[in-house]
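Accompanying notes for the structure given below.
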Amino acid sequence: MMFSKTFVARWILPFACGCLCPHGFAQNQPSAKAAAPVDFTGYWVTIITPDWRERMITPAKGDYLAVPITLAGQKIADAWDPAKDEAEGLQCKAYGAPALMSTPTRLHITWQDDNTLKVETDYGMQTRLLHFGNWKAPGGAATWQGDSVAAWEMAGGRGRGAAESPRFGSLKIVTTRVRPGYLRKNGVPYSANVRMTEYWDLVKDPKGVGRIMVTQQLEDPEFLFRTWIVTFNFMQEPNAAKWDPTPCSARW
Amino acid sequence: MIKRVYSLRGGALLLGLLLISSPVFAQVDLSGLWGFLRGQYGQENGGGSDIADFTGIPINAEGRAVGLSYSAGSLSEPERQCQYYSPRYASTGPFALNIWSDTDQVTGKIISWNMGAWIDKDIVTVWMDGRPHPSANAFHGYGGFATGSWEGDTLVIKTTHMKWSYLRINGLQHSDMATMTQYLVRHGDLLSMLTYFEDPVYLSEPFVLTSVWQLNPKANSLRTSPACEPIDESDRLENTSIVPHYLPGKNPYANDYAKYYNLPIEAAQGGAETMYPEFRKKLKDQYHYVPPDKCIRYCCDTQDPSVKCIRDGSNRVR
């Protein structure tokens, strides 16, 4: 039994590479936008239910419930002084990437280019750029939103004829080189060594409304006793009617 | 010209790789012991939600009234002692998820996924064989009736026929007309779930939650629930005419949560608007909310032994 080159190229390599090649078939690799198994673009609003008093409002000083905080982190949190942050121009310390998805915000997600997904928030007016492909960090000073490298994780099909069936998959994002800031508005810190891994999944609820589920892992050897793993969810909105850009605030 | 061909050995190798590693025609294996992660639902999973903390839950007026009528003493009633929590509680409860499948021995197909029980939570069987949900008038069990289907690598579970039960441990309830859709996604050793819960009786909007578990072979878990035998725990309840509850407007603890956190009662007692970001502006502009100076209860639950903090409602550092 022999396989022609054409047969292998057309029928075997694409399937094998779909499983084995982390960035898809090397030849003629489509852009991240073209390869997207799901569409995250549009306007989204967070739904704040769990840990409401830590997320919806500024928690009381010394409230670090559910955060696996270390003693070093506790000392910093207990010394939280928003007036000092304001004086130093650091009102955005609680709006960095490790905290941003937990905040009471809306998201506006667009493709900045074929390999960069842009995630804007109205809360604090922040912008996350999720870079696909072989993106290289430009270097320089760390930023509130850090460097985010993204990749699609394609889901398997459910039978032959998959080309005609809907595509499924998740978005994986790894963020590093974040400027030190706060996990919560009340000064619970994260360090410059924090590493954040996220999985974004998109589902349609029974009414056909999109829901994003974000699963977030935070590793911070300085201020977290163990990996902190949390989830958040966002509901799709039809337009920008409720988009309300609000600058960073150190207190509220 | 000589046509280049790939050998049988090379082709077989590729096909072999395809067969052993491809998810294309397989289902995701969800089976295992999944430990609940204590990174969210802080107080709810620790000391338990305060009485009348309904923040961020889309209850309607009836839901709020029922929640405020709740007395924890009702759990001592013999007829309530063996009452299970709702399948909804899997998404916020501190339970591990013990998941396994049942397989048709002839076809090899998965007939059902099962989510194990706990001492106060029934097993949930998720039928994968395409059977329809029964009539609305059929029996409602503590595990409800659940069917599943795959959307990509996401298991979508639709649950109906649940018994009336608690929506939150502090007395909020859902009716037996509630329905639930859950989306389960596995990412390596993490299992994430989005729960979409609807109740035409006590909710004005869907109650949507997300949760995450981590694979943990040592997680404390059961497959079935042990038998439960009710006993008289309180002399007061020997008089069976007493039904622990609070009449409307008479719950002495109704304002406690709001006082603890300087919140207006309208925020503490929940409703759909408290889920959305614009509620912050209302708190600031209309209620002039100011946070308490410092945390005095349920401040911390870190496992770092060097951290001393207030871990419960006692106001004591330990």
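Quick one: A:A155 ticks every box in (1) more than 10 Å from every other protein chain (Cβ to nearest Cβ); (2) surrounded by 17 or more Cβ atoms within 10 Å (Cβ to Cβ) except a single one, so which number is it?
(1)
Go through the residues of region B:180-198 one by one and say whether even a single one is in contact with a helix residue (DSSP H, G or I) (Cβ under 7 Å, 6 or more places away or on another chain), more than 8 Å from chain A (Cβ to nearest Cβ), more than 16 Å from A:R211 (Cα to Cα) and not in a loop (DSSP other than H, G, I, E, B).
No.
Please find, among B:R38, B:R88, the residue that is in a loop (DSSP other than H, G, I, E, B), touching a residue at least 12 places away in the same chain (Cβ under 8 Å) and charged (D, E, K, R).
B:R38
Just to be sure before I move on: is A:G208 over 19 Å from A:T41 (Cα atoms), assigned to a loop (DSSP other than H, G, I, E, B) and either facing chain B (nearest Cβ under 8 Å) or not β-branched (V, I, T) (or both) in the structure I sent?
no
So in region B:169-179, with the set limited to residues that are more than 10 Å from every other protein chain (Cβ to nearest Cβ) and within 16 Å of the chain's Cα centre (by Cα), which one is nearest to A:L171 (Cα to Cα)?
Here the residue is B:A178.
Kindly indicate whether A:V45 is β-branched (V, I, T) and either assigned to a strand (DSSP E or B) or more than 28 Å from B:L209 (Cα to Cα) (or both).
yes
Could you pull out the residue among B:L172, B:L155, B:L184, B:L190 that is modelled with pLDDT of 95 or more and closer than 30 Å to B:A268 by Cα?
From the options B:L172, B:L155, B:L184, B:L190, the qualifying one is B:L172.
Collect the residues in region A:84-127 that are free of Cβ contacts under 8 Å to residues at least 40 places away in the same chain and over 24 Å from A:V38 (Cβ atoms), keeping them in residue-number order.
Selection gives A:K84, A:A87, A:E88, A:G89.
If you scan region B:44-92, which residues turn out to be within 12 Å of chain A (Cβ to nearest Cβ), under 28 Å from B:N216 (Cα atoms) and among the small types (G, A, S)?
Within region B:44-92, B:G46, B:G47, B:S49, B:S91 meet the criteria.
When only residues in region B:91-124 that are under 21 Å from B:Y196 (Cβ atoms) and part of a loop (DSSP other than H, G, I, E, B) count, which is nearest to the chain's Cα centre (by Cα)?
This residue is B:T92.
The values are calculated or read from the model by the stated rules, or taken from the named source; none is laboratory data. These figures come from a predicted structure and were not determined experimentally. Ideal geometry is used to build each Cβ from the backbone, glycine not excepted, and the neighbour counts take in all protein chains shown.
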